[in-house]
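The structure appears below as structure tokens.
The values are calculated or read from the model by the stated rules, or taken from the named source; none is laboratory data. Computed from a predicted structure; not experimentally measured. Cβ coordinates were reconstructed from backbone atoms using ideal geometry, including for glycine residues, and neighbour counts include every protein chain displayed.
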């Protein structure tokens, strides 16, 4: 893990669809993580979350203001959890 300088805030700078339920996420410190959202989506019992098992819906995400979103916050995750790949 790259260390952050005192007072800096870790944010997402980019996310690219890699196939399946995997996104390659780039962070402001230059680190990249391949995050697999499949287990999280499959384990959920909430239909508003499970609908993203439809790959056509899953692929439509945005990176805004350093965060990752689906459909204006239907899904969003803490940046630290994405960085540590612990969703």
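Taking into account only those residues within region 42-75 that are surrounded by 14 or more Cβ atoms within 10 Å (Cβ to Cβ) and under 16 Å from residue 24 (Cα atoms), which is farthest from the chain's Cα centre (by Cα)?
58
Specify which of the listed residues (55, 41, 82) is under 18 Å from residue 19 (Cα atoms) and in contact with a helix residue (DSSP H, G or I) (Cβ under 9 Å, 6 or more places away or on another chain).
None of the others qualify; the one that does is 41.
Inside region 65-87, can you point out the residues that are part of a strand (DSSP E or B) and either within 15 Å of residue 14 (Cα to Cα) or free of Cβ contacts under 8 Å to residues at least 12 places away in the same chain (or both)?
Passing the criteria: 67, 68, 69, 70, 76.
Taking the residues in region 5-31 that are surrounded by fewer than 11 Cβ atoms within 10 Å (Cβ to Cβ) and at pLDDT 95 or above as candidates, determine which candidate is farthest from residue 87 (Cα to Cα).
Among residues in region 5-31 that are surrounded by fewer than 11 Cβ atoms within 10 Å (Cβ to Cβ) and at pLDDT 95 or above, the one farthest from residue 87 (Cα to Cα) is 30.
Of the conditions (1) loosely packed, with under 11 Cβ neighbours inside 10 Å; (2) within 10 Å of the chain's Cα centre (by Cα), residue 39 satisfies every one except a single condition; which number is it?
In the conditions (1) loosely packed, with under 11 Cβ neighbours inside 10 Å; (2) within 10 Å of the chain's Cα centre (by Cα), residue 39 misses (2) alone.
Output the residues belonging to region 27-64 that are in contact (Cβ under 8 Å) with a residue 24 or more places away in the chain, out of contact with any strand residue (DSSP E or B) (no Cβ under 8 Å at 6 or more places or on another chain) and not in a helix (DSSP H, G or I).
29, 30, 31
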